[in-house]
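Enquirer: For reference, the structure I am asking about is given below.
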Amino acid sequence: MPEKEPIGVIGVGWVGLVTAACFAELGHEVHARDIVEDKVASLSHGEVPIHEPELPELVTKNAERLHFTTDMDELLENAELLFCCVDTPPTYSGDADLSRVDAVIESLGDSNEHALVMKSTVPVGTGRSIKRRRDGLAYVANPEFLKEGSAVRDFMKPDRVVVGADDDSEEFAQRVQALYEPLGAELVRTDVASAEMIKLASNAFLATKISFINEIANVSEELGADVEEVARGMGLDERIGPKFLQAGVGYGGSCFPKDVQALKQLAGNSGYHFQLLTAVVEVNELQKRRTISKLQKHLGSLVGKEIALLGVAFKPNTDDVREATSLVLAGRLHGEGANVRVYDPVAAERARAILGDARICDSALDAVNGADAVVLVTEWSEFEDLDWGGEVKRRMRTPLVVDGRNFLDREVLQAAGFTYEGVGR
Ligand code: UDX
């Protein structure tokens, strides 16, 4: 075996591409396969189809070690560790759709020399059922904890690396473990089912933390407390910690909504009613809609009102619009008879089809022109730098800002004559 183990990556979406590029950066030859020919062709020319900081640079820098292909045989010939990075979207029932994982297993043929290393987020029990169906295939669970917008950094400096394998796959588990050794992270070496649960439980816990602080925010609004102060005071308790206590317009993205639902469903399928997660999901859905009543409080009926949404992406530094609050808000505002205009530095075009009648603007200033209210949905840094007291205020019909992320400087806006509505303050 060469000094650095060659690696196969199956599915070159966001997780697969970050995984491929980072292992190449660590010195491995990486063979990455996707079924979409256009994607493989553009990646082979160094074009990265997603917005993820540091990723294009890494792909260019390691071009010699990164081999993109549509051919599964190329992976089977060149690598024994095959990282499965296909997506597992939710089905109508709320269960995870495993059809792409199934297709990957079919494509492996009957090889017993390879290990399937599962990075895709799968229900607890998936590893066991794959092993039952494909006797002899080694299986290692290796969930990812990458955040969009800082995925490269998260890969290179992980809080922990989780490797789950059962006794028959021990040798492969050690090889997977060895890949991460240069990163110096804490290792959690466990069984397959526990590794699968660590991933789902981590996301569900973080979502719970967000829904919790959002409810504290809502009650604070009623009782005159400031959730920012409350979160600071809570977060200094080491048992609680300061992260993921940012109140706002709800969580979105490709992971939390899907994984919370999947864990709730998984529990239900096994006969357990996971009450807490039911509430976490409901709180989040209501949180996305609370902005409407804040607008109505100041504007009365929204019929014919011009509302500007700043930010479409589910969070800054990504062009991902999956489960983004902006989409729910645009739909609800339209339902109330308002005219919606949106601006996002990178994500608006991606959402064009879902945004319906909303007008997509070329700049934040274009969006606020003649607006009755601005809703800050995504905390892109450029929104902080806008000339709120000058150009923005001059362009707006009514100086009303609903800051859905408590991101702007409330004092500055109020001093400039804005009516400011935050979340929980
Ligand atoms: C998440 C997990 O953090 C990551 O470990 C997992 O692998 C994939 O899912 P990601 O979806 O990229 O990552 O986004 P994250 O930064 O966790 O934020 C998720 C959502 O929660 C965003 O909509 C964000 O705006 C919201 N959020 C986050 C809050 O509303 N408040 C907070 O305090 C933190």
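Enquirer: Rounded to the nearest 0.05, what FRET efficiency do residue 77 and residue 293 give with R0 = 51 Å and r taken as the Cβ-Cβ distance? Could you check? It would help to have the intermediate numbers written out before the result.
Expert: On the way: r = 60 Å, r/R0 = 1.18.
For R0 = 51 Å, the calculated efficiency reads 0.25.
Enquirer: Sticking with this structure for a sec: Among 142, 339, 112, determine the one that fluctuates most according to a GNM of the chain built with springs between C-alpha atoms less than 10 Å apart.
Expert: 112
Enquirer: List the residues of region 99-132 whose backbone N lies under 14 Å from a point placed 7 Å from the Cα of residue 272 along the Cα-to-Cβ direction.
Expert: The answer is 124-125, whose backbone nitrogens lie closer than 14 Å to the label point.
Enquirer: Same structure again: Dipole size in debye (nearest 20) for the chain around its Cα centre, Lys and Arg Cβ +1, Asp and Glu Cβ -1?
Expert: Once rounded to the nearest 20, the dipole reads 1640 debye.
Enquirer: I would also like to ask the following. Which one of 142, 404, 109 is farthest out on the positive end of the charge dipole of the chain, using unit charges on Cβ (Lys, Arg +1; Asp, Glu -1) and the Cα centre as origin?
Expert: 404
Enquirer: What's the ranking of 6-15, 183-192, 391-400 by average number of surrounding C-beta atoms within 10 Å, highest first?
Expert: Details: 6-15: 24.8, 183-192: 14.5, 391-400: 17.0.
The peptides rank, most packed first, as 6-15, 391-400, 183-192.
Enquirer: Relative contact order of region 66-168, please, whole-number percent, based on alpha carbon pairs below 8 angstrom and at least 6 residues apart.
Expert: Relative CO of region 66-168 lands at 22 percent.
Enquirer: With charges only on Cβ, +1 for K and R and -1 for D and E, what is the dipole size of region 39-144 about its Cα centre, in debye, rounded to 20? Walk me through the numbers on the way to the answer.
Expert: On the way: 10 positive and 19 negative charges, 86 e Å.
The dipole of region 39-144 has a size of about 420 debye.
Enquirer: Along the charge dipole of the chain, pointing to its positive end and built from +1/-1 on Cβ of Lys, Arg, Asp and Glu, which listed residue (214, 20, 43) has its Cα farthest out?
Expert: 214
Enquirer: Using the Karplus curve 6.51 cos²θ - 1.76 cosθ + 1.60 with θ = phi - 60°, work out ³J(HN,Hα) for each residue of region 371-377 in order, rounded to whole Hz, and write x for Gly and Pro.
Expert: 7, 7, 7, 10, 10, 8, 9
Enquirer: Solvent-accessible area per residue for the chain at a 1.4 Å probe radius, Å²?
Expert: Per-residue accessible area for the chain comes out at 45 Å².
Enquirer: Another question, then. Just to confirm my numbers, what's the Cα centroid distance between region 15-79 and region 205-267 in Å?
Expert: 35
Enquirer: Let me ask you something else. Hey, which of these cross-link pairs are over 30 Å Cα-Cα: 288/393; 258/297; 39/119?
Expert: With Cα atoms farther than 30 Å apart: 258/297.
Enquirer: Could you work out the local net charge near residue 94, counting Lys and Arg as +1, Asp and Glu as -1, over the other residues with Cβ closer than 10 Å to its Cβ?
Expert: Around residue 94, the charge tally is +1.
Enquirer: Shifting gears a bit: Please report the Cα spread of the chain along all three principal axes, rounded to whole Å, starting with the longest.
Expert: Answer, in whole Å and largest first: 69, 48, 38 Å.
Enquirer: Which residue fluctuates the most in the chain, going by a Gaussian network model with Cα springs under 10 Å, if the choices are 198, 213, 35?
Expert: 35
Enquirer: Using the Kirkwood formula on the Cα atoms of region 140-261, what hydrodynamic radius do you get, in angstrom to one decimal?
Expert: Numbers: mean 1/r = 0.0608 Å⁻¹.
Computed over region 140-261, the radius equals 16.4 Å.
Enquirer: Hey, another quick one. Whole-Å semi-axes of region 272-425's equivalent ellipsoid, largest first, each the root of 5 times a Cα gyration tensor eigenvalue?
Expert: Over the Cα atoms of region 272-425, the semi-axes work out to 24, 18, 16 Å.
Enquirer: Same structure again: In whole percent, what relative contact order does the chain give with Cα contacts below 8 Å and a gap of six or more residues?
Expert: 11
The values are calculated or read from the model by the stated rules, or taken from the named source; none is laboratory data. Note that the coordinates shown come from a computational prediction; the quantities given were computed from them, not determined experimentally. Cβ sites come from the backbone with ideal geometry, for glycine too, and all protein chains shown count toward neighbours. The accessibility values were calculated without ligands, DNA or RNA, using every heavy atom of the protein model including side chains. Shrake-Rupley method; radii C 1.70, N 1.55, O 1.52, S 1.80 Å.
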